[in-house]
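Shown next, in structure tokens, is the structure this report addresses.
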């Protein structure tokens, strides 16, 4: 048997000679990996192909744009910042990510080798198959310094690399590179193997943001080269006359257009307009970062070919400040109506806080359209303000909008798997298979990252104010996106930090006690609601449950928070958690790691603490869930023979 395994391993190594995989080479560890609670910041050096753009890299490594830097010497490398921890049982420093299968059925092994070029770690005899669209959990090789250096960077040597060239590139001595890898002779470093590069500062430069500025035109050729100084002077005089004439002409045209526009708006103001929509011309109107049906509005095409039947009818509250970052695509009502089959019940996806949501195919793109009455202008504008400025993998993307006298419409990307709520509360009756443990942790981590982004990485910062399972949507690969920003608020500065004083809004069961008491929305009010979501994901129960009534006692409503806190009081640790297990979702079928379940429950408990100061921020939540995810993947790997555990992979985890 050992001989067969050796042959298989040799064949795999030979078949990937230009894409070296981790177990074809040694794994040096810079320090003893015994403290499974240790967490550090590490970097991975990665050379992307032309097809691996910034969004692809973000998805491959589960990182944000500000976690990616680029090497400025033209070598084409990017550096990925990841949290690194000591994997229990393996004694290797590993970090977790997920890989989306983009090809038809085949071996995950080969696809990962092609994608990650030696950074991925595979268990022995890794032979997993997966369908296109499936999301597979992976481990990447990282490193934690013993204290001599600030960071360690994982780097796969190429044929052009030497210890000397790495020393020069990254400003570190050859002795340090040899020492951290435990290799005395630089000739023993081989191409295709993974090594660590010790660093004292963050490598690279910020990833370049695409510049949309039109470059200045090249200067006109000098006439002096042809006709001498006198002709040059005359030509410059003519040149400036031409420029002046063109400027005056353009100014006159602008005045005439402004006058005509003013006359048109005044003459049409007395007429009652039904379903007439603004068409933005000669402008950029893509709010969806170019991922959807965005284009130039200056093509002169009107719906149904009628160029004179469109009227301006946008609420005055939607000023230019809404679109100070990007402008969304504007649709005609006819397109909205036809794409939803006249808002038929068969296209109805559900009812939100302030509108109904319909499935539609708009310009050959699956979308979700929220339909609101004109009285919801405030919420409509709030979503526009947030989603035209904020773009993140774990936030639902706004594509465009439409407006009439009596209705408002927002067009979003479509989440194929619906809301998280529909997969937790009685999923079988909704035609869903219960979520596996790994899927639940990944969804929680995705949602936490989206919430952390609006709390910490936007300018200005936002508070959502309505986090709940029905506002967490799942795409075709069960990756989570936060939606419904109609109640979101900018956070101002108070003596107690960032907060937004407002009337109390939200959903009963998710609202923090201090928000009910003071009406002050902060990041910690969102954290409280997220803690309730974690409890729901553990139990499959709603935020507010109704107890069974009988002849002697009427049914009563009870919050899930009170139920779970009572269970945790009787569950001191992961080995004595009978009360907690009694509350867990039966859909998990007892297939979960007890220590990870306990950690999620304790994290949720911290999030719903009565004292907002004692609640973690979302950055801390993300770090904790990342560690739990890594531990859960390790647990899953020990149960590779259990088809129920891995059913989530086949479905597209």
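Here, each number is a calculation from the coordinates, and none is a lab measurement. Keep in mind the model is a prediction, meaning the values are calculated, not measured. Counting neighbours? That spans all protein chains shown, and the Cβs are built from the backbone with ideal geometry, glycine included.
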Segment residue 161-residue 457, length gained on full extension (0.36 nm per residue, minus Cα span): 102.9 nm
Ranking 465, 558 by Cβ neighbours within 10 Å, fewest first, what do you get? 558, 465
Working out 0.36 nm times the residue gap between residue 107 and residue 433, then minus their Cα-Cα distance, what length gain in nm do you get to one decimal? 114.9 nm
Rounded if a/c is under 1.5, else prolate if a/b is larger than b/c, else oblate: which is segment 356-495, with a ≥ b ≥ c the root eigenvalues of its Cα gyration tensor? oblate
Taking the number of other C-beta atoms within 10 Å as the exposure measure, put 517, 449 in order starting with the fewest. 517, 449
Show me the ranking of peptides 134-142, 39-47 by mean Cβ neighbours inside 10 Å, starting with the highest. 134-142, 39-47
Pairwise FRET efficiency - residue 637 versus residue 191, Cβ, R0 = 41 Å, nearest 0.05: 0.90
Between residue 356 and residue 377, what is 0.36 nm times their sequence separation minus the Cα-Cα distance? Round to one decimal in nm. 6.1 nm
Simple label model, 7 Å out from Cα along Cβ direction - residue 576 to residue 92, nm: 3.7 nm
Starting from the Cα of residue 617, step 7 Å toward the Cβ, then list every residue of segment 39-81 with an amide N under 20 Å from that point. 39-42, 63-68, 81
Sorting 391, 457, 423 on the 10 Å Cβ count, fewest up front, what's the list? 457, 391, 423
